[in-house]
Structure formats: C-alpha cells, structure tokens
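**Student:** Mind looking over this structure? Questions follow.
The values are calculated or read from the model by the stated rules, or taken from the named source; none is laboratory data. Quantities reported herein were computed from a predicted structural model and do not represent experimental measurements. Cβ coordinates were reconstructed from backbone atoms using ideal geometry, including for glycine residues, and neighbour counts include every protein chain displayed. Ligands, DNA and RNA are excluded from the accessible area calculation, which covers all protein heavy atoms including side chains. Shrake-Rupley method; radii C 1.70, N 1.55, O 1.52, S 1.80 Å.
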Amino acid sequence: MKKALLKFFERIEPDKKKSPFLHTLYDGFFTFALTPAHVTKGGVHIRDGMDLKRQMVHVVFALLLLYLFGMYNAGHQHFTALGQYPSLLSGFHLKLIFGIILMLPIFVVTHVVGLGIEFYYAYKKGHGIEEGFLVSGALIPLIMPPDIPLWILALSVAFAVWIGKEAFGGTGMNVLNIALLARVFVFFAYPTYISGDQVWVAGMEKLAAGSPVDYGWIHLNFFNPIFESFGWATYDAAATVADGYSGATPLSLAFHSGWEAVASQYTPSEMWWGTIPGSVGETSKPLIILGALFLIFTKVADWRIMVSMVGGLAVTAMLLNGWGATEFMKVPWYYHFYMGSFLFAMAFMATDPVTATSTPTGKWIYGFLIGVVGMVIRVLNPAYPEGWMLAILFMNVFAPLIDHYVLQANISRRLKRARASA
Amino acid sequence: MKNSTSKAIFTIVSMLIASAAWAQGANSGSGSGNILIYSLISVAVLVFFYIVIQVSDSLLVIESKQSGAAASGANFSLFPSWKELFAPRLPDFLHNKPMTILKRGHDILLEGEAARVVDEQVSANAYAVQPVNFVGVSPIPKMLVDVGAEVKAGDPLFQDKARPEIVWVSPVSGEVIAVNRGEKRAITSVVVLADKEIKYRELPAFQLEGCTREDLVTFLLETGAWPLIRQRPFDVLADTDEAPRDIFISTFDTAPLAPDLNFVIEGREEAFQKGLDVLGKLTAGKVHLGLDGRGKQAPHKAFAEAKGVEVRYFHGKHPIGNVGVQIHHIKPVAAGDKVWTLGVQEVITLGRLFTEGRYNAERIVAVTGAELKEPKYVRTYLGAKVGGLIGGNLSHDHVRLISGDVLSGRQKTADDFLDYYDDQVTVVEEGDEYKVFGWLLPSFNTPSISKTFPSAFFPKMKFRAETNTHGEPRAFVVTGSYEQVLPMDIHPQDLFKSILVGDFEKMEGLGIYELIEEDVALCEFVCVSKQPIQQILRKGLDTMREQS
C-alpha cells in the first residue's frame, strides 16, 4: 500500500523548476497522504508525534457531529416552516437530503476559495502548504446562515483569508480569527443576509405566510423520482409557509419581548437539543459540549478560556438580571446559555490559539472579558441581539495587550528577585 | 498564604450553617421563634470559637516565622494546608525534609534501560578531549603536546588561548595519536590511544584544611580539574577570578534512559564527599544538592547524608532532575549572578584529586537504547570512543548513536568520542521512513504528551522511539504546550520569540539566564511546530554573552 502510493507520487511529481505552482500543490497532497521521512538534525533526537496537521484535524473531528446535525436541522427547520413533518424524525430522508443539498455548495465554495488562496501564497512564498485553513474551512460553513448566497460567501472567505491571514504572513501570524472575520465581513457588508428573522430558514422565497417554497431541479427532478421509486414521501413543490410562522430566533424574541415570548415559541428542551433556527452549527448544545469536552480532553483547545468565558457570561448576566431595565435584561441568566451561539463561540472560536492570548494567566482574563463584552453587546446593543462574534474579534485585538501585561508582571517579579539578592 | 483556602472554606461552611438556621427561624413564624434564637446563639458561639481559633492560629504562625522554624517548610498552622490534604502521600524518608513538588513536566519512557550491572570487560581503546564541548573557549586552543607524544593520565594536552591558566588534561595514559581539525582549522578533538594499564601523573599533596581559596583554585587549574566546573548563566567554563554565589549539584537524572546515579555512586562515596568539601571552599555561598524525592526508596546515603551541603528533595517529572530547574526553585539565577554546576561524576573526579592524589577521570557510562542487545553500564574514562563502548552490542545497523540522552545529546559516529560531561550513550533507530497518513492515524509507538494518541491511556507504556520528526516545521501556532513541560515560572514561547527578534531587554526580563539547552529540550520535543528550540535558545545565550 505504502510502496504503491510512493510509486504513484513519484510518477506524477511535476518538475519543481518548470511548474512551481503544480509542485507546491503536489507537495501539499504528498505530505497529506504520507508523513515525510524527515529525521531530526541537531537538537532533540526524538520528537513528539503531534504536528500541526494532527492538531488541526482534531478540531475538525470535534465538528463532525455538528455538521451532521446542522445539515439535518436545516432540513427540519425548512419543513417546520412549511408546517410539514413536525416531529424531528418524520420525513427523515427529505430533511437530510435537503440539508446536504444546502450545505454541500457552501462547503465546496468555502474550500475552493480559501484553499485556492492558500495554495497560491504557498507557491508564491515558496513554503509548503500550511494546515491553517483545515479548521477555518470547517468552521465557516457552520457559522453562516443556511440561506447565504454563495457569491457573498466566496467574497467573505476571500476577504478573510487574503486580508486577514496572508497579508499578515500566513498561518500562525493572523491577528483576528479567520472564520469570524469571514462572518463579520458578511455582517457589515451584507447585513440583511445575516441578521433579522428572514435568513435562518432556507428554501423559501420569503418567510411570510403563504409564500411558496423554492426547490431546485435537483430536489424535484433528481431526488423526487428516487424517493418515489422507494415509495417514500417526496418534496412538495406547491407547499407554502404555514400561517403564523415567523422564523424568529429565540434571541430576537427575547430581545423584543423577553423570556415570555421565547417560551411561547420554543421550549427550553428544544433550544437545548437544538431543533431551532440559527446558524448551521450553533444550535445543538449537547453536541457542542461534547465537542468542547473532546477538545479539552485532547488538550487541543484550552480549558481556561472556556471556563472563564462561562464565568464572564454568568457574572454579567446576573448583573444585568439585577439591573432589569428591559425585558431582555430580565431573562434568567442561565437561559443565556440556551440561546444563540455562546457555546459554539466558546468551544471553537475563542480558543483559537493563534488569536487568543498565549500566557496561562492571560487566557483567564481573555476568556472572562469575552464573556463580559459578549453579554454587553448581546443585551445592551439596541439593534442586534448577539455578541460573541464581535466580542471575540474585539478581544483578539486586545490579546497582545493582555499578554504584554502578564509578561511585564513576570519580568518585574524577576527584577524584584534580582534586587533582593543583590 | 497557604492556609487561606482552608480558612475560606471554614468561613463559608459556618456562614452556610448560619444562613440555614436563620432561614428556618425566619420562615417558621411567631409560633417557633425560639428556633431563631437558638440558631442565633449557635452562630454566635461558632463565631466566638472561630475568632479564638483564628487568633491563636495566627499567633502560632507568626511565632514560627519569628523563631525561624517556618523556614524548614513545615506547616505550623492549626489548619492543614491544601497541600497536606491533597498532595500524594509521601514515603517516610521525606518526612520533615525540605521538599519541592512540581506538577509540570513529562517523563519519556523508552525501552532499553541499562541493566544494573557494570560490565568491566568493555573498554574503549581511544579517548579524546574535545574543545568543541566547551562554550566560550577559543576554537583553536594552544596545544601543549604533539602527535606521537606519550602522556600519563593527568598530563596537560592543551590550554585556552584567552585564559592560558585553564588547561585540559588527558583522561588516560598512552600515546597522542591525532589532533583532529574541523571547519576553519578549529580543533575538534585530541585523541589519546590508551595503555592497557593506566599510569597516572603523581600530584603534589594538597592540604585542604586551612588553605586559601586562591591556592585551591591554582591547584585545580594546574591539575586540569577546572573544566569539570560549569558556570551559569550561559553554561560556560567557570571564571577563575570570581567566587560563585552558590554551587548546585543534581544527584539524579530524569532524562530518558539516563543512568541511575544511586547506582553510579556505589563504591565512590568517599570521593564524592571529598569533592563536596572542596566545592564548599570555593564558594562564599552554599553547596546545594538536589535529591530525588520521587521514589519509595531514599536516595543513596552519599547523597542523602552528605555533609556540609544544603539538601532539597524534588518530586515530579522530567526535567526535574535538571540542575537548572532545581536552581530555579532553590535560588534562581538573576542578572549579574554567577553560579556553578557540576555533575555527580565530575564531583567524584574532583574529590579523587585529594583522596587518591591523582586525576582519575573514571566514568561509569550507561549504554542504553532499545536497539542494543544488552543495555548496561560500563566502566571507562572520560571521553571514551563511542564505537568501543558499543562493541558488538548493536542488534542492527539502521541506528543513530548519541552521546548523552535523546533530548539534548549529540549525534556521533562509532569513531567519535563521548562528550566531556556525558555519562550516557543512547542508541535509537533512524526514522527515515514515510508513513501513510501518519498525522491522522493513531500510532502506538509514538511518544507524545498529547492525548490524541492511544498511548495516553497507558501511562506506563514504554516506547521504541525513532528519529522521525513526525511533521514539518511551521510557525508558532499552538500555545501552552511548552508550559506543560517546563516547571519554571517562565513564559517559554514569548522568550523564544524575543530571541528570534533579538530583543535583549525582554530576553533578560523573561529569564534567559536561568535556562540552558537541556532545560528546554522537552519544549523542543513537544513542539507542535517542530521548531529548533535548543538552537534558538543557544543563539539567544550567545548574543547575551557577547553583550555582557
């Protein structure tokens, strides 16, 4: 198997001088399939088995369940809006296929654009292809609304990878979280596609009662005949959005009229299990917590940031509960974990090692402040009831400052000792 | 400070009791108001006792501090400290001993540990002193003998150009057969072909009692024992004109497959103690011994009951046996400080100058590694030829020979020589093989601190390591992994970055003086980005040394 692979790669190896770009690509795929035969030279003679590829792929592992559930939930929300198949498992094949048809283009576009830029820069700078986009590319589809137009997605990914990462020097050098940068680009450049009540459920022309569904050729002419041949239910091109359906997320309900309004539409258990509208990957709390525990156990992500972020949210939310000037402030603090993308941001976004603080003490401060700032943006912001994206980007910028003070403390501790012994 | 946690818990518990009683009293209405009163009284009694206990506890602690008893590290408070409650139960020999417990670090368990026998048959026929082993010594020292000359053990071979008083002597008697040169004509090794029976240069008797420090220093310089002493910061040869603040000796080695010094010391206890006595005369400060507090058995008596020294036990994982880590927890090296360090076998050689009256550079070397038929200890001399120590002991040829351990040793061929301060040879397999999806698949035979390998579930598992890098070099991405294996109050990643950008102030501030290569070797081992950490650190140390 290994010999055959090596032989195959030997045969297809392009000439490094004549076609450097192709060679960069080749090298990327070669090192993907076969760990190089490099041996240590100078310094340590044996090395830990952990490398960046392995590190990054474990984040992707932690996201896999979210992908599965996210896709299915996109279908489930679609049919909920139509008033069809109300229970979670009814119409299983329809919901799953709907989700896959929805998510596959998003995933492909993200990777084609992002990896394309990565490959180009790897060739241009003459280094190997780095694995940074492995995680960013897996995260971006999960934090976009399911209905995102693909050209906007392509633009946002290009902006994030190009301006956010390559302009700063590539993997490991970026100041801001790449995945969030892509999202925040959409947020500021095309706000109507990523906020409000309209965008969290896909497959309708509009989310108003009576508005018709918007199935494509692939639903009606490819999958419908297949389903028919099995005798299963098919996509109904004549369906319309059910009366009284709003598509509002729990957060926007809470924002406008407090917890009562949320509770009238969604039960806490629905919010916990994640059968609610929202960005693709953010809804299922148990799966996110599972992923977070996996990352903590494998030490791929830092537990300090996660714990302190929970602390920051809890403290701020309790303070706001105490204040209680608006309906949103009165939402019991623990329900803030149920709504919106807090857990997802905590597990996968704030813990990005490149953009977070690097010192252990810094991590406590960083996480806590994200919790505080995120809650302030979520609850006190008059227009947009969610804060984690902005809070994390904001604290990304301040992370070097936090580290600076932590390091200064270490330096002055050492100076003091020197003076004491002198 | 230690007791603040248990005090806080006590306070909280009493508050909880009080509030529960209060709540009951308040809820039960007018009918049973006496519950409220009883509970209030009990709270008051509790508070009263709490104050009494608290005050007496504080008085005890203050008294213990004033009398100096607290310096021994024992807890004089009435409350058990957090450590006492949750620390692992320590064996009896550690009872009431000064002790440092460190959590961070990592033991790399490898196959091929040396069996506890000294093979007297194995012997290298050639020995060398290598000027390249010493930092800050001119690369072309002045030769004092020519090729072909006959020397006795202890006869000078060459001297330093800048400090001609420092001479290096032959570890064995025999014929000087080669002066090997490397780049820019630098002398890499001076090789002596050993006699069957070692003849020693007779040294003049030296009266240790009542001698001045100057006399002693001159004696050590003349006898060629000076290079046995290393100085921090920078890990250079000791200055001859300045007394060190303190001298530190680690009496256990935690590096992978390292020799068991409790075994190595056997039969040479007297020389060791003599060496310590000599060192005591060389410093105005103290001689500190770092002792192994990890096992169930007490360390060898020569260590545990050494006289004229300060001992401290250390409990933890590698690099806790490194003298650098021990210095950091005993009395760190600040800017301007100079401290000396020695290995146990160097101290023995030093002591033998006085007990035997000759320069006896005998070394017990551990020949280790899974690729050997029989890993064992051998009795030889300083700078032995690697090939001679290995002999026909290799089980196959596809190996790398290392003088020292796998973390900070140097690669050697069979014709090269053991480095000056090394007492270990390690043999590992070369790992120049491709692995299909090596980064993705769980591999059983890969040592790692990461829990993404199945070995994480078998903490006692031993590995057959090989030299593959397991990945390609990348920029610094991951944070926190260096800290996991460096049990010091240092931010390694930021220190390395400051070295890379050449920020002198930061390097000094972040503690570069406290480190040498072996201390950060584990950082290099765990580095996810496969950076050459030891090389980076040496670059920083070199720039700082040139600056000062």
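**Student:** Within the range B:427-443, how many residues are more than 7 Å from chain A (Cβ to nearest Cβ), in contact with a strand residue (DSSP E or B) (Cβ under 9 Å, 6 or more places away or on another chain) and part of a loop (DSSP other than H, G, I, E, B)?
**Tutor:** 1
**Student:** While we're looking at this one, here's another question. Of all the helices (runs of 4 or more DSSP H) wholly in the range A:285-386, which have at least 3 residues that are closer than 25 Å to residue A:260 by Cα?
**Tutor:** Qualifying helices (runs of 4 or more DSSP H): A:303-323, A:360-380.
**Student:** Quick check on residue B:309: is it closer than 19 Å to residue B:229 by Cα, crowded, with 22+ Cβ neighbours inside 10 Å and among the β-branched types (Val, Ile, Thr)?
**Tutor:** no
**Student:** Within the range B:492-548, take every residue that is among the aliphatic types (A, V, I, L, M) and surrounded by fewer than 16 Cβ atoms within 10 Å (Cβ to Cβ) and give me the one that is nearest to the chain's Cα centre (by Cα).
**Tutor:** Only one residue tops the list, namely B:500.
**Student:** In the range A:35-88, how many residues are part of a loop (DSSP other than H, G, I, E, B) and either in contact with a Lys or Arg (Cβ under 7 Å, 6 or more places away or on another chain) or on the phi > 0 side of the Ramachandran plot (or both)?
**Tutor:** Residues in the range A:35-88 being part of a loop (DSSP other than H, G, I, E, B) and either in contact with a Lys or Arg (Cβ under 7 Å, 6 or more places away or on another chain) or on the phi > 0 side of the Ramachandran plot (or both): 8 in total.
**Student:** I'd like the full set of residues that are surrounded by fewer than 20 Cβ atoms within 10 Å (Cβ to Cβ) and either in contact with a His (Cβ under 7 Å, 6 or more places away or on another chain) or under 22 Å from residue A:388 (Cβ atoms) (or both), limited to the range A:236-256.
**Tutor:** A:256, the sole residue that qualifies.
**Student:** So, of the residues in the range A:129-155 that are within 14 Å of chain B (Cβ to nearest Cβ) and in a helix (DSSP H, G or I), which turns out to be nearest to residue A:354 (Cα to Cα)?
**Tutor:** A:132
**Student:** Hey, another quick one. Among the residues of the range A:192-203, which ones are within 18 Å of the chain's Cα centre (by Cα), surrounded by fewer than 20 Cβ atoms within 10 Å (Cβ to Cβ) and free of Cβ contacts under 8 Å to residues at least 60 places away in the same chain?
**Tutor:** A:193
Here's the yes/no breakdown for (1) among the aliphatic types (A, V, I, L, M); (2) under 30 Å from residue B:299 (Cβ atoms):
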position: B:210; (1), (2): no, no
position: B:222; (1), (2): no, no
position: B:228; (1), (2): yes, yes
position: B:251; (1), (2): no, yes
position: B:255; (1), (2): yes, yes
position: B:264; (1), (2): yes, yes
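**Student:** Which one of these does residue A:411 not meet: (1) part of a helix (DSSP H, G or I); (2) among the hydrophobic types (A, V, I, L, M, F, W, C); (3) away from chain B (no Cβ under 14 Å)?
**Tutor:** Result: residue A:411 fails condition (3) only.
**Student:** If you don't mind, there's one more thing I want to ask. Any idea which of (1) away from chain B (no Cβ under 14 Å); (2) surrounded by 16 or more Cβ atoms within 10 Å (Cβ to Cβ); (3) aliphatic (A, V, I, L, M); (4) free of Cβ contacts under 8 Å to residues at least 60 places away in the same chain is the one residue A:399 doesn't satisfy?
**Tutor:** Failing condition for residue A:399: (1).
**Student:** A further question on this structure: Give me the pairs, please: first residue somewhere in the range A:252-271 and among the hydroxyl-bearing types (Ser, Thr, Tyr), second residue anywhere and surrounded by 14 or more Cβ atoms within 10 Å (Cβ to Cβ), beta-carbon distance under 7 Å, and either six or more positions apart or on two chains.
**Tutor:** From residues that are among the hydroxyl-bearing types (Ser, Thr, Tyr), the pairs are A:252/A:197; A:252/A:385; A:257/A:327; A:266/A:250; A:266/A:276.
**Student:** Pairs needed: first member in the range B:137-162, touching a residue at least 24 places away in the same chain (Cβ under 8 Å) and under 18 Å from residue B:228 (Cβ atoms); second member anywhere, of a type in the set (Val, Ile, Thr) and open to solvent by 80 Å² or more (accessible area, probe 1.4 Å); C-beta distance under 7 Å; at least 6 residues apart or different chains.
**Tutor:** Qualifying pairs under 7 Å: none.
**Student:** Output the number of the condition that residue A:51 fails; it satisfies all remaining conditions of (1) open to solvent by 30 Å² or more (accessible area, probe 1.4 Å); (2) over 19 Å from the mean Cα position of the chain (by Cα).
**Tutor:** Against the list (1) open to solvent by 30 Å² or more (accessible area, probe 1.4 Å); (2) over 19 Å from the mean Cα position of the chain (by Cα), residue A:51 comes up short only on (1).
**Student:** I would also like to ask the following. I'm trying to understand the selection: among the residues of the range B:458-515, which are in contact with a strand residue (DSSP E or B) (Cβ under 9 Å, 6 or more places away or on another chain), of a type in the set (S, T, N, Q) and touching a residue at least 60 places away in the same chain (Cβ under 8 Å)?
**Tutor:** B:467, B:469
**Student:** Here is a follow-up. Does the range A:156-186 hold any residues that are without any contact (Cβ under 8 Å) to a residue 24 or more places away in the chain, away from every other protein chain (no Cβ under 13 Å) and open to solvent by 10 Å² or more (accessible area, probe 1.4 Å), and which are they?
**Tutor:** A:163, A:167
**Student:** Sticking with this structure for a sec: Those residues that are among the small types (Gly, Ala, Ser) and either part of a loop (DSSP other than H, G, I, E, B) or open to solvent by less than 20 Å² (accessible area, probe 1.4 Å) (or both), I need them from the range A:262-281; list them, please.
**Tutor:** Scanning the range A:262-281 gives A:274, A:278, A:279, A:281.
**Student:** Given the range B:451-548, what helices (runs of 4 or more DSSP H) lie entirely inside it while holding 3 or more residues that are at the interface with chain A (Cβ under 9 Å from one of its Cβ atoms), within 18 Å of residue B:334 (Cα to Cα) and touching a helix residue (DSSP H, G or I) at 6+ places or on another chain (Cβ under 8 Å)?
**Tutor:** B:504-509
**Student:** If residue A:69 meets every condition in (1) out of contact with any Ser or Thr (no Cβ under 6 Å at 6 or more places or on another chain); (2) open to solvent by 20 Å² or more (accessible area, probe 1.4 Å); (3) in contact (Cβ under 8 Å) with a residue 40 or more places away in the chain apart from one, which number is that one?
**Tutor:** With respect to (1) out of contact with any Ser or Thr (no Cβ under 6 Å at 6 or more places or on another chain); (2) open to solvent by 20 Å² or more (accessible area, probe 1.4 Å); (3) in contact (Cβ under 8 Å) with a residue 40 or more places away in the chain, residue A:69 is out only on (1).
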